[in-house]
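The values are calculated or read from the model by the stated rules, or taken from the named source; none is laboratory data. Every value quoted in this text rests on a predicted model; they were computed, and no experiment measured them. Positions of Cβ are generated from backbone atoms using ideal geometry, with glycine treated the same way; all protein chains shown enter the neighbour counts. Keep in mind that these areas ignore ligands, DNA and RNA; they rest on the heavy atoms of the full protein, side chains included. Shrake-Rupley method; radii C 1.70, N 1.55, O 1.52, S 1.80 Å.
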Amino acid sequence: MKRRWVIVAISSIVLIGAGTLVQTARKNRQLAKDATAFRIRAEQGDAEAQFKLGSIYSKGKGVPKDFVEAVRWYRKSAEQGYAKAEYNLSNMYHDGKGVPQDFAEAERWCRKAAEQDDVRGQTGLGYLYFRGEGVPQDYAEAARWYRKSADQGYADAQYDLGYMYYYGYGVQQDRVQAHDLFQRAADRGNEDAKRALECSRKGISIDPGAGLRGLQ
């Protein structure tokens, strides 16, 4: 009897494993089809498709991961003024992915996105000012851009602006305002904000090193 149960258990594991492989293969085929569809539109000059194809290459979904190719498609889209592509191209320059690292170019493209009210662009520009990367370090200007994004309900920016208020970077220190911003961000699922609130409940100061996460 024991042997029979062992055989049944092994058979179940094999079947589950086979099912997982089938699902993975099916998913990969669909991703490859999506990549092909976006490529057709991208080659016709569609800015959104160019952006999405860049993202596909950046993540390696349906195609081999290729940062150089990702940059190429992001650039085509960004040059048409597509804000999401402008921000992602900024990110590639900031991290040196597919292009030599260049904070000045990162700032240039990030600003283009931010000036179109793109929330990630505004948050990213805030971070560049906070760090002094591509621009002179300016906490007040960092807070200004974080606020623009936070006012649009972007959770990451709400946390970042809360962090600025918590320590008084570029704004008058205000722990009550910081707590309010952390709560708003946490309600939208921001994990950093949840940790900040937990520290507050325990009477523990937020670690300055935890800080801001940079361009995402």
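Beyond a 21 Å Cα-Cα separation, which of these cross-linked pairs lie in this structure: LYS65/LYS97; LYS61/LYS84; LYS61/LYS97; LYS33/LYS59; LYS33/LYS65; LYS33/LYS84? Numbers along the way, then the final one.
Numbers: LYS65/LYS97 11 Å; LYS61/LYS84 18 Å; LYS61/LYS97 17 Å; LYS33/LYS59 16 Å; LYS33/LYS65 16 Å; LYS33/LYS84 23 Å.
Exceeds cut-off: LYS33/LYS84.
Hey, what do the phi angles of the range 131-143 turn into as Karplus ³J(HN,Hα) couplings, whole Hz, using 6.51/-1.76/1.60 and θ = phi - 60°, x for Gly and Pro?
Along the range 131-143, the couplings run 8, x, 10, x, 9, x, 4, 8, 5, 5, 5, 4, 4 Hz.
Which ³J(HN,Hα) values in Hz, rounded to whole numbers, follow from the phi angles of the range 180-192 under the Karplus curve 6.51 cos²θ - 1.76 cosθ + 1.60, where θ = phi - 60° and Gly and Pro get x?
Along the range 180-192, the couplings run 4, 5, 4, 5, 4, 5, 4, 4, 9, x, 6, 6, 4 Hz.
What net charge is computed for the residues neighbouring ASP187, neighbours being all others with C-beta under 15 Å from the C-beta of ASP187, Lys and Arg scored +1, Asp and Glu -1?
Numbers: positive: ARG184, ARG188, LYS194, ARG195; negative: ASP156, ASP180, GLU191, ASP192, GLU198.
Summing Lys and Arg as +1 and Asp and Glu as -1 gives -1.
Name the GluC sites (Glu not before Pro) in the range 96-130 that are in a loop by DSSP and that have at most 15 other C-beta atoms within 10 Å, would you? Don't skip to the answer; put the middle values down first.
On the way: sites: GLU105, GLU107, GLU115; in loops: GLU115.
When the GluC sites (Glu not before Pro) of the range 96-130 are filtered for loop state and at most 15 Cβ neighbours within 10 Å, GLU115 remain.
May I ask you to give the percent of accessible area on the range 58-134 that is carbon plus sulfur, with a probe radius of 1.4 Å?
On the range 58-134, the fraction of accessible area on carbon and sulfur atoms equals 44 percent.
Give the distance, in whole Å, between the Cα centre of the range 179-195 and the Cα centre of the range 49-101.
One Cα centre to the other: 30 Å.
Across 5 Å bins from the origin, how do the percents of Cα pairs in the range 143-196 run, short distances first?
For the range 143-196, the binned pair fractions read 5, 28, 33, 25, 8, 0 percent.
Can you tell me how much longer the chain between GLU48 and LYS61 gets when fully stretched, taken as 0.36 nm per residue apart minus their C-alpha distance, in nm with one decimal?
Working: separation 13, 0.36 × 13 = 4.68 nm, distance 1.70 nm.
Full extension of this stretch gives 3.0 nm more.
In what sequence, highest mean first, do 57-70, 185-198, 159-172, 119-132 appear when ranked by Cβ atoms within 10 angstrom?
Numbers: 57-70: 16.4, 185-198: 17.9, 159-172: 22.6, 119-132: 25.0.
Ranking, from highest mean packing down: 119-132, 159-172, 185-198, 57-70.
How high is the FRET efficiency between GLN177 and ASP34 when r is their beta carbon distance and R₀ equals 45 Å, given to the nearest 0.05? Before the final figure, lay out the partial values.
Numbers: r = 43 Å, r/R0 = 0.97.
Given R0 = 45 Å and the Cβ-Cβ separation, E is 0.55.
Please report, in Å, the Rg and the Dmax of the range 100-170, where both are computed over Cα atoms only.
Final numbers for Rg and Dmax: 11.2, 35 Å.
Which one of GLY132, ALA106, ASN91 has its Cα pushed farthest toward the positive end of the charge dipole of the range 62-216, where Lys and Arg give +1 and Asp and Glu give -1 at the Cβ?
ASN91
Quick one: 3J(HN,Hα) in Hz for the range 80-86, Karplus 6.51/-1.76/1.60 with θ = phi - 60°, rounded, Gly and Pro as x.
Per residue, the Karplus-derived 3J(HN,Hα) values read 9, x, 7, 4, 4, 6, 4 Hz.
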